[in-house]
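To start, the structure under review is shown below, and the notes come after it.
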Amino acid sequence: METSSGESMLLNPAPRLASFRRHLNRPVDILPLAVFRIAFGALMFASTLRFMLNGWIDALYVQPQFHFSYLGFEWVKPLSGGGMTAIFIATLILSLCIMLGFVYRSAIALFFILFTYIELLDQATYLNHYYFVSLVSFLLNFMPAQRYLSLDARLRPQLKTRYAPFWCILALQLQLALVYFFAGFAKLNEDWLLHGRPMAIWLKANTGIPLIGPLFDYNWIALALSWAAAAYDLTIALWLSWRRARLPAYATVIVFHLLTAMLFPIGVFPYVMIAATLIFFSGGELRSALNRVGFRLAPLPRRAVIPHMRPSTAAKLILILFFVMQLILPLRHYLYPGDANWTMEGYRFAWRVMLNEKAGFATFYLADRTAGKTQVVYGSQYLTPQQLRHMSYQPDMILQFARYLAAQHPYAGQRELAVFAEVYVARNGAPSKLLIDPEQNLLEASRDIFSAPWILRY
Amino acid sequence: MRAARQPFILVMIALGMLTPLSMLALGLAAQAQDSFDRRAMLQSIVDNVILPGQLAFNDASNQLASAAQDFLSEPTATALSILQQAWRSASDAWEQIAIFDLDLRLTSYHNQIDKTPPNYEFIDAVLQGADEITEPYVNGIGSTSKGLPAIEYLIFSIDSTPAEIIDSFADPRRRAFLLALAQNIARKASQITDYWSPDGRQYAARFIKADQSGGELQGSINMLVNKIFVMLATDLQMWIGEPSGIATDGEARPQLVEARRSGHSLRHIAQHLIAMQRIFNGGTAEEDLGFDDYLDFLGAMFDDRPLSAVINERFASAIASIEALELPLAAAVVEAPQDIAAIYENIRQLQIPLRADMKSHLSILITLSDRDGDQ
């Protein structure tokens, strides 16, 4: 019998571990997983192609003379122009393979490696939805998503099955639920809930939109939309998990993400989420919808050979660790003093999306103490506009740039150098303030996972 | 149970449909309410800054062409002085509209009027060459060999006396080049006017229509603010920071000063600041609608004062500090480094409320890619 995948788990958690295991491993319709794979591959293909056609390989990975690394990943470096183009062409082909379910196992593994490599190249290109893509492509490595509606299943019929273990569907649903929940949780702050900021700022910059645009000048609209967005993020996974609410909830998903696509330049993210949330639909729901638009998908056979579906112990451990990390990372900012929206400590990899309208202006002072001279430097002399924008309000990137500046000095290593930065940051409509201690020699500051004492708390 | 849930689902569907409809209705109703009209602001900038600036440059470039003609007819010290003054006036007028290279065609026109650094070697090659020098010939040569910097090269000198400059115009090719250059500038000036004009290519109308600054990456507000940022940064680092040594190793390098022959570099920077302040205020009159009013409408504050007032004060300080300096920049970087440091700091201080506060309030995107929408 077919059951809706998420709801029984959420509403009736099994009391005993053995029963829980059985519950996770029970076979369910593979169609949602296959649809997810196809949609994911198609969107990654479109996204990668768009990236290449916009000339962003060159702009983001070839032209910059300096790249901002992630702590611990300083060794990840871009290849030459030709090498980066080859990486993107490979990603494009792999996306196609994922969509078609062709040599899927190798394709998804390589896709995860290449995509994550690209994302690790420069902190200035960080986007939450690219992080999401990395996570999803990692999870897909453990799932038999190619065993239905795929070339692999067609070429090797013994591979084909109409069933997948429930945990596969659940893991993807859980990943999406975590994204939405933490995105909503991060919105529970004074600026968002009491002042409607930064929503008000963004809406007022978009009053030119036909028909609804003039409404955006009203602060109460920004406040109402802020609350609606927080409520949406916090609860949408629950609504989608509940079969009776699923259809209107999915309509809300579409409206919400199309609205964000209209208001903000966030690329393919809205479409990724609209496609990914299809994983909440049951196989029966998807099949009936697809058959209605002309597909001819056979109903799920009642008696079929159900393949062995238990993951290996190693896979289980990796997945458990994966989700534990997914719970810890978004909350780690509580370990740092001050507001993460200002300090940016613990901000990344935490689904803190659309929380800030920030702009910074940084002046660097490179002092040659041996010669007794100081020169004024601006990031624009070394960085791309995108890098400059991101660096101007992120202490970790400011520190990296300060070190780079010193390394570029003609007497680097021979003279005593110091780098100071005066950085003013304006956030969510509040007057600009100094972000870091302008008296701090950034060359003496350490870069590690601990809180930076030279950041001025808001 | 099933029957009890159905009304609930119907209510949810109804709410789902009603919400966008009610937003639409409220949006239509809101059109009648007070709000800040960004298109009116752009219209004000066009009417009070851009179009008058173009007219002024048109006049100045025609006067430059006529002063060149007069000088060539009667090459006296007075005529040279009038010509040099005409160049300064044209140059001042130009620098006030130089910021408006807002699309590819405008950039092409702008480059042909003022592209730095000039290619002196090619200019000398033209003078020593054999091609007939006419205005169409000048129109066809590269941007770095013509325009205002090329005329400056011909009629100003760092180490020659006025008499020697006049003598150099005994060369018929130099005479022909001067005239053709001046005529070509006048032609470009009229092409720019035509490009913006409602009777011509109607760029002004397109500029005003593209009024979005958030979702619309190429919005006019975004473009203008970005132009201001880029011009301020260039003036500060390249035209003051490098020759003064503030942005390098502390050593003054007068040879790096822009428009060094005419000694007009600081005046150029002052004209840029004047133009930027006019854009910011939407003109010169109190009632002109500009970014100042937009920021006031948004309630933007800076140190407990309206942000617009702080920005205007910093514009005024920067302009005043330049105007107070009587020396040309090339001399000042050597003889009055403390005054140059003060000018530098005033312009830097102006950048803080512009690039941090104003940018944040207006949600301006610096990069023209959507790679950084959600952080």
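Among B:THR234, A:THR91, the order of accessible area from largest down is B:THR234, A:THR91, computed with a 1.4 Å probe on protein heavy atoms.
Over chain B, what is the relative contact order in percent, taking alpha-carbon pairs closer than 8 angstrom and at least six residues apart?
Averaging sequence separation for qualifying contacts and normalising by length gives 19 percent for chain B.
Among A:HIS23, B:HIS264, the sequence by solvent-accessible area, most first, with a 1.4 Å probe is A:HIS23, B:HIS264.
With N set to the number of residues, divide the alpha-carbon radius of gyration of segment B:38-207 by 2.2 N^0.38 Å and report two decimals.
Scaled against compact globular proteins, the figure is 1.08.
Just checking the listed ones, B:ILE364, B:ILE141, B:ILE340: in the Gaussian network model of chain B with Cα springs under 10 Å, the one fluctuating most is B:ILE141.
Would you please give the FRET efficiency between A:ALA231 and A:ARG22, computed as 1/(1 + (r/R0)^6) with r the Cβ-Cβ distance and R0 = 30 Å, to the nearest 0.05?
Working: r = 35 Å, r/R0 = 1.17.
FRET efficiency, A:ALA231 to A:ARG22: 0.30.
In terms of Cα atoms, the Rg and Dmax of the protein assembly as shown work out to 31.5, 107 Å.
Computed about the Cα centre, the dipole magnitude for segment A:114-176 is approximately 520 debye when only Lys and Arg (+1) and Asp and Glu (-1) carry charge, each at its Cβ. Each of B:PRO75, B:LEU327, B:LEU273 was scored by the projection of its Cα onto the charge dipole of the protein assembly as shown, and the greatest displacement toward the positive side belongs to B:LEU273; charges sit on the C-beta of Lys, Arg, Asp and Glu. Neighbours of B:ILE113, meaning other residues whose beta-carbon lies under 9 angstrom from its beta-carbon, give a summed charge of +2 when Lys and Arg score +1 and Asp and Glu score -1. The contact between chain A and chain B removes approximately 5600 Å² from the accessible area (both sides summed; 1.4 Å probe; ligands, DNA and RNA excluded). The modelled label-to-label distance for the pair A:LEU321/B:GLU335, using points 7 Å beyond Cα in the direction of Cβ, is 7.2 nm.
Each helix, a run of at least 4 DSSP H residues, gives -39500 (n - 2.57); summed and divided by the residues of chain B, these come to -20000 deg cm²/dmol at 222 nm.
What the Cα atoms of segment A:362-458 give is an Rg and a Dmax of 13.4, 44 Å. Going from the isolated chain to the complete set of protein chains, segment A:332-380 loses at least 40 Å² of heavy-atom accessible area (1.4 Å probe) at A:GLU357, A:ALA359, A:PHE361, A:LYS373, A:GLN375, A:VAL376, A:TYR378.
Straight-line reach from B:LYS209: taking Cα to Cα under 24 Å and skipping same-chain neighbours fewer than 8 places apart, the lysines in range are A:LYS204, B:LYS227, B:LYS359. Note on segment B:212-362: percent of Cα-Cα distances in each 5 Å bin, starting at 0 and stopping at the bin with the largest distance, equals 2, 9, 18, 21, 17, 12, 10, 7, 3, 0. Think of each Lys and Arg Cβ as +1 and each Asp and Glu Cβ as -1; about the Cα centre, that makes the dipole of segment B:38-207 roughly 720 debye.
Mean separation of Cα pairs under 8 Å and 6 or more residues apart, divided by the residue count, gives chain A a relative contact order of 17 percent. The local environment of B:SER145, defined by Cβ-Cβ distances under 11 Å, has a net charge of 0 under the rule Lys, Arg +1 and Asp, Glu -1. Specify the angular offset, from 0 to 90 degrees and rounded to the nearest 10, of the alpha carbon long axis of helix B:104-113 from the longest principal axis of the alpha carbons in chain B. So the inclination is approximately 20 degrees. Using the 1.4 Å probe convention, the accessible area of segment B:38-207 works out to 42 Å² per residue with neighbouring protein chains retained. Helix A:313-328 axis versus longest C-alpha principal axis of chain A: approximately 50°, rounded to the nearest ten. Placing a label point 7 Å from the Cα of A:TYR458 along the Cα-to-Cβ direction, the residues of segment A:211-250 whose backbone N falls under 20 Å of that point are A:222-231.
Take segment A:357-444 with all the other protein chains still there, run a 1.4 Å probe, and you get 34 Å² of accessible area per residue.
Between the alpha-carbon centres of segment A:398-458 and segment A:50-83 there is a gap of 23 Å. Of the residues in segment A:90-134, those shielded by at least 50 Å² of accessible area once partner protein chains are present, compared with the chain alone at a 1.4 Å probe, are A:LEU127. Once both labels are positioned 7 Å from their Cα atoms along Cα-to-Cβ, the gap between A:GLU74 and A:ILE93 label points is 3.5 nm.
When you look at the Cβ of every residue in A:70-82, what mean number of other chain Cβ atoms sits within 10 Å?
Details: counts 0, 0, 0, 0, 0, 0, 0, 0, 0, 0, 0, 0, 0.
Average per residue, whole number: 0.
Note on chain A: helix-only mean residue ellipticity at 222 nm, from DSSP H runs of 4+ residues weighted -39500 (n - 2.57) and normalised by residue number, equals -15500 deg cm²/dmol. Working value for chain B: equivalent-ellipsoid semi-axes of 48, 25, 18 Å, each the square root of 5 times a Cα gyration tensor eigenvalue, largest first.
Entry note, segment A:357-444: relative contact order of 36 percent, from Cα contacts under 8 Å with a spacing of 6+ residues. Put a plus charge on the Cβ of each Lys and Arg, a minus charge on the Cβ of each Asp and Glu, and nothing anywhere else: the dipole of segment A:353-458 about its Cα centre is then about 180 debye.
Could you tell me what percent of the accessible area of chain B is made up of carbon and sulfur, with a 1.4 Å probe and every protein chain present? Write out the running numbers ahead of the final one.
On the way: 8410 of 15730 Å².
Percent of accessible area from carbon and sulfur atoms in chain B: 53.
Residue by residue through B:346-356, how many Cβ atoms from other chains fall within 10 Å of the Cβ on average?
Mean partner-chain Cβ count within 10 Å for B:346-356: 4.
Using 0.36 nm per residue and subtracting the Cα-Cα separation, the extra length available between B:GLU74 and B:ASP124 on full extension is 15.6 nm.
Each principal axis of chain A carries a Cα extent, and these read 84, 50, 47 Å when sorted largest first. Relative to the longest principal axis of the Cα atoms of chain A, the long axis of helix A:81-100 makes an angle of roughly 20 degrees. Compared with its chain on its own, segment A:245-271 contains the following residues whose accessible area drops by 50 Å² or more in the full protein assembly (probe 1.4 Å; ligands, DNA and RNA excluded): A:PRO248, A:PRO265. Within the shell defined by Cβ-Cβ distances under 15 Å, the residues around B:SER168 carry a net charge of -2, with Lys and Arg each +1 and Asp and Glu each -1. Site pair A:LYS373 and A:ARG244 shows an inter-label distance of 7.8 nm when each label is modelled 7 Å from Cα along Cα→Cβ. A:MET354 exposes around 30 Å² of accessible area when a 1.4 Å probe is run over every protein chain in place.
The values are calculated or read from the model by the stated rules, or taken from the named source; none is laboratory data. Nothing here was measured: the structure is a model prediction, and the numbers come from that model. Here the Cβ is made from the backbone with ideal geometry for all residues, glycine too, and neighbour counts use every protein chain on show. Note: accessible area is taken over every heavy atom of the protein model, side chains too, but ligands, DNA and RNA are not part of it. Shrake-Rupley method; radii C 1.70, N 1.55, O 1.52, S 1.80 Å.
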